[in-house]
Every structure is written in structure tokens, then in C-alpha cells.
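The values are calculated or read from the model by the stated rules, or taken from the named source; none is laboratory data. Please read all numbers here as calculations on a predicted model, not as lab measurements. All Cβ positions, even for glycine, are placed from backbone atoms using ideal geometry, and neighbour counts span all protein chains on display.
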Amino acid sequence: MAERSYRGLFWSLVFFGTILDQSTKYIVFRWLYNDGAGDEYPLIPGVFKLLTQFSANREPGGEAFSALRTWSGELLPKVNHGALFGLGGAYITLANTIFAMVSIVAALAIAYWSTRPATARDRFLCIALGLIMAGTLGNLYDRLVFNGVRDFLYFHWIEWPVFNIADCCLVCGACVLLAQAFLTTSAATASQDASESPLPAEMAKAQ
């Protein structure tokens with residue numbers, strides 16, 4: 001009997017996670033454009049809100065991605081050039097280039113990892129890798145098109161750094177991956193302990 005494969009689950013999470021990330025970014029930044037001044041919309045008053053910020057830079061036009069950058073408005077959105085929580089963002093172009101390259105390498109590595117038969121049989125590993133891949137591709141798109149990542153989710157109750165859906169996918173995927181690794185290690189240890197028992201199970205019970 002053929003073993004079940006979760007490769008379809010992996011690619012479904014990659015597709016829908018990436019689409020959700022990009023659609024929310026474009027919709028929120030267009031909705032809260034406010035003539036380029038940016039705006040905010042409370043989802044949970046005093047705790048959580050949507051927040052958009054725009055720079056004073058206008059799209060010069062005539063480039064391959066010009067139409068993609070100006071769908072929200074003429075002024076370009078402020079972006080995070082660094083990694084999660086703004087890590088390395090002070091270096092702007094250098095940071096964005098480095099993290100874009102890291103994202104490409106990570107995406108290729110995950111895609112290759114997903115082709116392994118053992119990976120396809122592991123549901124939680126496919127979930128973890130699918131979420132991480134979606135987050136990676138979502139932010140990679142921003143780095144290539146906007147030269148940085150668009151963020152709009154803000155927990156101002158605890159002054160959490162502004163983030164986006166791709167970041168949520170990355171964090172959730174990493175948590176699932178850690179849990180999967182822990183459970184797999186625990187199961188392997190228990191199996192090894194059972195196999196190293198000096199007596200067969202029936203004799204051990206008789207003792």
C-alpha cells in the first residue's frame with residue numbers, strides 16, 4: 001500500500017500563504033493611502049491596528065516594476081530594508097540585497113527539501129516548510145520590487161515592531177518546525193530505548 005504524501009499540502013500552503021501576504025499588502029496600502037500621508041485603522045482599539053506609512057519619494061516610471069510599485073498611489077511606501085524586526089535595516093541597499101540573496105537560497109533549499117520522500121510523508125514537516133516558504137517568497141517579492149519589505153500590522157499595546165503576513169508565516173512555520181523536530185526526536189529516542197531492551201517484551205512483562 002502506497003504511503004500518503006503531503007506534498008500537495010506543502011505547495012498549497014506556499015501558494016495561498018504567498019497570495020494572502022501580497023494581497024493584504026496591496027489592499028491595505030491602497031486603502032490607507034490617504035493622499036500619501038498614510039493612515040491607520042484600529043482592529044482592536046488600544047491593542048492592534050493596521051498602519052501604513054509612505055515616503056516622500058515618487059516612482060520615476062519607465063522601469064519594469066513601476067506599475068507594481070504605484071498601484072497604491074504615486075508615493076512609494078516606507079519599507080523595511082532589513083530582516084524580521086528591522087534587523088540590519090540601517091544599511092538599506094546592502095541589507096536588502098543580502099537578505100534577498102538569503103531568501104533565494106532558502107527558497108531553493110526548501111524546494112529541494114520538499115522533494116525528498118521522507119519529507120513528503122511527514123505532515124507537520126510539510127506544514128512547517130510550506131509556511132516558511134510562503135513567508136520567504138512573500139517578502140522576497142517585496143525586496144525585488146520595492147527594495148524592501150512592506151509592513152502594516154502593529155501591536156502598539158506592547159510596542160511590537162510593525163510586521164506583515166509573511167512574517168507571521170515565517171514565525172508560525174519555525175514554531176511548527178521546532179515542535180516537529182522535538183516530537184520526532186522524542187519518538188526516535190523511545191523507539192531506540194525499546195529496541196535496546198535486553199529482554200523481549202513478553203519476557204520483560206513476565207519479570
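General observations
- Residue in the stretch 10-27 that is touching a Pro at 6+ places or on another chain (Cβ under 9 Å) and more than 14 Å from Arg150 (Cα to Cα) present: no
- Flag for Cys175 being surrounded by 13 or more Cβ atoms within 10 Å (Cβ to Cβ), modelled with pLDDT of 70 or more, of a type outside the set (Phe, Trp, Tyr) and assigned to a helix (DSSP H, G or I): no
- Within the stretch 10-64, the set of residues being charged (D, E, K, R) and in contact with a helix residue (DSSP H, G or I) (Cβ under 7 Å, 6 or more places away or on another chain) comprises Asp21, Glu59.
- Options Tyr33, Tyr41; residue that is surrounded by 18 or more Cβ atoms within 10 Å (Cβ to Cβ) and modelled with pLDDT of 95 or more: Tyr33
Per-residue answers, yes or no, for (1) over 11 Å from the mean Cα position of the chain (by Cα); (2) free of Cβ contacts under 8 Å to residues at least 60 places away in the same chain:
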| residue | (1), (2) |
| --- | --- |
| Ala128 | no, yes |
| Ile132 | no, yes |
| Thr136 | no, yes |
| Arg143 | yes, yes |
| Asn147 | yes, no |
| Phe155 | yes, no |
| Ile165 | no, no |
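- Out of Gly86, Gly73, sole residue that is over 22 Å from Leu140 (Cβ atoms), buried (at least 16 other Cβ atoms within 10 Å of the Cβ) and modelled with pLDDT under 95: Gly73
- Selection from the stretch 142-166 of residues that are of a type outside the set (Gly, Ala, Ser), crowded, with 19+ Cβ neighbours inside 10 Å, in contact with a Lys or Arg (Cβ under 9 Å, 6 or more places away or on another chain) and part of a helix (DSSP H, G or I): Asp142, Phe146, Ile165
- Residue check for Pro198: modelled with pLDDT under 95, surrounded by fewer than 10 Cβ atoms within 10 Å (Cβ to Cβ) and either assigned to a loop (DSSP other than H, G, I, E, B) or out of contact with any Asp or Glu (no Cβ under 9 Å at 6 or more places or on another chain) (or both): yes
- Among residues of the stretch 97-121, those that are surrounded by 17 or more Cβ atoms within 10 Å (Cβ to Cβ) and more than 16 Å from the chain's Cα centre (by Cα), counted: 3
- With respect to the conditions (1) out of contact with any Lys or Arg (no Cβ under 8 Å at 6 or more places or on another chain); (2) surrounded by 12 or more Cβ atoms within 10 Å (Cβ to Cβ); (3) in a loop (DSSP other than H, G, I, E, B); (4) of a type outside the set (Val, Ile, Thr), Ser5 falls short on a single one, namely (1).
- Leu68 at pLDDT 90 or above, touching a helix residue (DSSP H, G or I) at 6+ places or on another chain (Cβ under 8 Å), among the hydrophobic types (A, V, I, L, M, F, W, C) and over 27 Å from Ala128 (Cβ atoms): yes
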